[in-house]
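Asks: Have a look at the structure that comes next, please.
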Amino acid sequence: MMASILGNTGYEAMAQTEEDTELLVLPAAPFQLWMHTHKELSQFIYRLFIQRMVSVAGLIEEMTFHSMDHRVAEWLLRQPGGSTEIPLYITHESLAVELGTAREVVSRILKRFEKRGWLRLGRGKLYVLRRGELERLLCK
């Protein structure tokens with residue numbers, strides 16, 4: 001969105017928050033002026049661009065070299081909780097957005113993992129039943 005403001009191009013934005021959030025919406029003109037007059041702000045914004053570019057490059061590398069099953073298993077194993085007693089609270093849609101794929105793809109993989117006995121799915125949550133099997137999938 002910042003790139004569209006700086007480049008005077010349109011961009012349809014969407015945001016999702018996980019808790020109550022206060023939001024400040026600025027018109028493009030004052031933001032552009034501040035970018036030119038406040039060195040610290042412009043450095044901060046450019047650092048964010050670089051971080052985002054690195055993140056996107058990593059996602060492209062993962063998409064190129066790892067199967068989606070591998071990526072879902074890896075994501076599940078990185079999360080705190082997710083045991084037989086402590087659920088991971090996430091929807092299929094949110095996980096798909098996180099991994100850069102379609103909800104249907106994630107749903108298919110999670111259902112396959114559930115059928116193998118690795119997970120138990122619930123509405124908006126899942127339980128990891130057999131972490132070892134997910135870890136073995138990553139070693140293949």
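Asks: Whole number please: convex hull volume per residue, Cα atoms of the stretch 32-71, in Å³.
Replies: 61 Å³
Asks: Ignoring ligands, DNA and RNA, what percent of the accessible area of the chain is carbon or sulfur (1.4 Å)?
Replies: Accessible surface attributable to carbon and sulfur in the chain totals 56 percent.
Asks: Right, next: Hydropathy first: keep DSSP H helices in the chain averaging at least 0.0 on Kyte-Doolittle, then drop any whose Cα extent along the axis falls short of 27 Å, and list what survives. Could the numbers behind the result be given before it?
Replies: Details: long enough: 39-65 (39 Å, 0.48).
Passing helices, by number: 39-65.
Asks: Restricting to DSSP loop positions (anything but H, G, I, E, B) with no more than 15 other Cβ atoms inside 10 Å of their own Cβ, which chymotrypsin sites (Phe, Trp or Tyr not before Pro) remain in the stretch 1-46? Intermediate values should be presented prior to the final figure.
Replies: Numbers: sites: 11, 31, 34, 44, 46; in loops: 11.
Filter output for the stretch 1-46: 11.
Asks: Which residue fluctuates most in the GNM of the chain (Cα springs below 10 Å): 28, 73, 102?
Replies: 28
Asks: Sticking with this one: Just round it to a whole percent: the fraction of Cα-Cα distances in the stretch 15-106 exceeding 21 Å.
Replies: The answer is 55 percent, as a whole percent.
Asks: Another question about this same structure. If you take the charge dipole of the chain about its Cα centre, with +1 on Lys and Arg Cβ and -1 on Asp and Glu Cβ, which of 106, 14, 60 is farthest toward its positive end?
Replies: Of 106, 14, 60, it is 106.
Asks: With each run of n ≥ 4 DSSP H residues scored as -39500 (n - 2.57), what mean residue ellipticity at 222 nm is computed for the chain after dividing by its residue count and rounding to the nearest 500 deg cm²/dmol?
Replies: -18500 deg cm²/dmol
Asks: Counting Lys and Arg as +1 and Asp and Glu as -1, each charge on the Cβ, what is the dipole of the chain about the Cα centre in debye, to the nearest 20?
Replies: Values: 18 positive and 17 negative charges, 146 e Å.
The dipole magnitude comes to about 700 debye.
Asks: Out of 26, 121, 88, any idea which swings most in a Gaussian network model of the chain, alpha carbons joined below 10 Å?
Replies: Maximum among the listed residues: 26.
The values are calculated or read from the model by the stated rules, or taken from the named source; none is laboratory data. Keep in mind the model is a prediction, meaning the values are calculated, not measured. With ideal geometry, Cβ positions are generated from the backbone for all residues, glycine too; neighbour counts draw on all protein chains shown. The area values use the complete protein model at the heavy-atom level, side chains included, leaving out ligands, DNA and RNA. Shrake-Rupley method; radii C 1.70, N 1.55, O 1.52, S 1.80 Å.
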